[in-house]
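One structure is given below, encoded as structure tokens.
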Amino acid sequence: MNERVLKDLLFQEFARIGKSLSSPKRLEILYILSQGPKSVEALSKITTMSVANVSQHLQTLSNSRMVKFQKKGNYVIYELANSAISDFLSSLRVLSEKQYIEVQQIKKEFLNANLDMDGVSLSELQNKMEKGEVLLLDVRPKEEYETAHIPGAVSMPIEELSEKLSSLPTDRDVVAYCRGPYCLISAKAVELLKEKGVPAYRLESGVQDWNQFQKHVN
């Protein structure tokens with residue numbers, strides 16, 4: 001087998017992944033699974049797609065070995081097939097933001113429309129946490145926190161925030177984060193905290209961004 005044939009075969013295999021990522025909905029599913037395993041029903045609820053449509057997309061992703069699954073009782077639980085996929089998704093997001101002005105415009109509108117809140121950078125967060133100046137809240141579902149979270153963060157799902165406000169310390173600011181820059185759960189948390197008089201800020205970044213940040217600073 002000559003070199004040309006080998007290269008053709010090689011890039012044909014690379015293209016299998018590209019084809020599986022050609023659907024915006026499949027990309028969204030992968031981004032959600034980067035936060036932790038999810039059932040088909042949970043993915044359906046988050047993406048507002050029918051269970052049948054989610055199942056079809058998952059079958060395509062499974063065929064390209066981007067996801068894997070296991071059965072738990074009556075549920076089928078999916079997760080990313082490899083941690084490298086999470087790194088790839090982060091790189092894809094950053095590249096898209098750099099290459100397309102449309103993405104930058106959408107991001108600005110998505111994050112800033114009707115949101116009047118201050119944010120903190122990863123470097124600011126690390127500095128403040130080392131000094132004990134902030135309490136970091138992970139407002140994602142508890143199972144996502146248990147899969148992976150920023151060290152030092154306290155799990156407080158958005159649904160539980162109101163009833164647990166009295167447990168928050170009064171001598172520190174609060175920083176809330178969720179699934180990354182395109183997730184507004186943390187924005188809702190900050191709005192709720194500010195309504196109750198708690199000094200609160202939003203961390204735009206998520207766990208994957210924190211991990212990438214740590215690789216560069218260490």
Check: Looking at Met1, Ala189, Ser121, which one has the Cα that reaches farthest to the positive end of the dipole of the chain (charges on Cβ: Lys, Arg +1; Asp, Glu -1)?
Finding: Met1
Checklist line | Of the chymotrypsin sites (Phe, Trp or Tyr not before Pro) in the range 150-218, those whose Cβ has at most 16 other Cβ within 10 Å and which sit in DSSP loop | finding: Tyr182
Next item on the list: Only Lys, Arg, Asp and Glu count, each charged at its Cβ (+1, +1, -1, -1), so figure out the dipole size of the chain about its Cα centre, rounded to 20 debye.
Entry: 800 debye
Notebook entry, point to check: Which order do Thr48, Thr60, Thr170, Thr147 take when ranked by solvent-accessible area (1.4 Å probe, heavy atoms of all protein chains), largest first?
Noted result: Thr170, Thr48, Thr147, Thr60
Next item on the list: Work from the charge dipole of the chain (Cβ charges, +1 for Lys and Arg, -1 for Asp and Glu, about the Cα centre) and give the residue of Leu10, Gln214, Val51 farthest towards its positive end.
Entry: Leu10
Notebook entry, point to check: Measuring from label point to label point, each 7 Å out along Cα→Cβ, what is the Glu124 to Glu79 span in nm?
Noted result: 3.4 nm
Margin query: Please list Ser20, Ser50, Ser83 from largest to smallest accessible area, probe radius 1.4 Å, with all protein chains kept in place.
Written below: Ser83, Ser50, Ser20
Check: With r defined as the distance between the Cβ atoms of Leu10 and Glu195 and R0 fixed at 41 Å, what FRET efficiency is calculated, to the nearest 0.05?
Finding: 0.15
Note to self: Within the chain, which whole H helices from DSSP have a Cα span along their axis of at least 20 Å and a mean Kyte-Doolittle hydropathy of 0.0 or more, if any?
What the structure shows: 83-99
Note to self: Could you put Met1, Met129 in order of accessible surface area, largest first, with the 1.4 Å probe and the full protein assembly present?
What the structure shows: Met1, Met129
Next item on the list: Taking all pairs of distinct Cα atoms, average 1/r, flip it, and tell me the Kirkwood hydrodynamic radius of the chain in Å to one decimal place.
Entry: 19.1 Å
Next item on the list: Rank Val174, Ile77, Ile32 by how far each Cα sits towards the positive end of the charge dipole of the chain (+1 on Lys, Arg Cβ; -1 on Asp, Glu Cβ) and give me just the farthest.
Entry: Ile77
Notebook entry, point to check: Ser91 accessible area, nearest 10 Å², 1.4 Å probe?
Noted result: 70 Å²
Notebook entry, point to check: Between Lys108 and Ile46, what length comes free when the chain is fully extended (0.36 nm per residue of separation minus the Cα-Cα distance, one decimal in nm)?
Noted result: 20.1 nm
Check: If the chain between Arg172 and Glu143 were fully stretched, how many nm would it gain, using 0.36 nm times the residue separation less the Cα-Cα distance?
Finding: 7.8 nm
Checklist line | Relative contact order (percent, whole number), the chain, Cα cutoff 8 Å, 6+ residue spacing | finding: 16 percent
Notebook entry, point to check: Rounded to the nearest 0.05, what FRET efficiency is calculated for Leu165 and Gln56 with R0 set to 35 Å and r the Cβ-Cβ distance?
Noted result: 0.25
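The values are calculated or read from the model by the stated rules, or taken from the named source; none is laboratory data. These numbers were taken from a predicted model, which means no experiment stands behind them. Reconstructed Cβ throughout: ideal geometry from the backbone, glycine too, with neighbour counts over all protein chains shown. Protein only, heavy atoms only, side chains kept; ligands, DNA and RNA dropped before computing areas. Shrake-Rupley method; radii C 1.70, N 1.55, O 1.52, S 1.80 Å.
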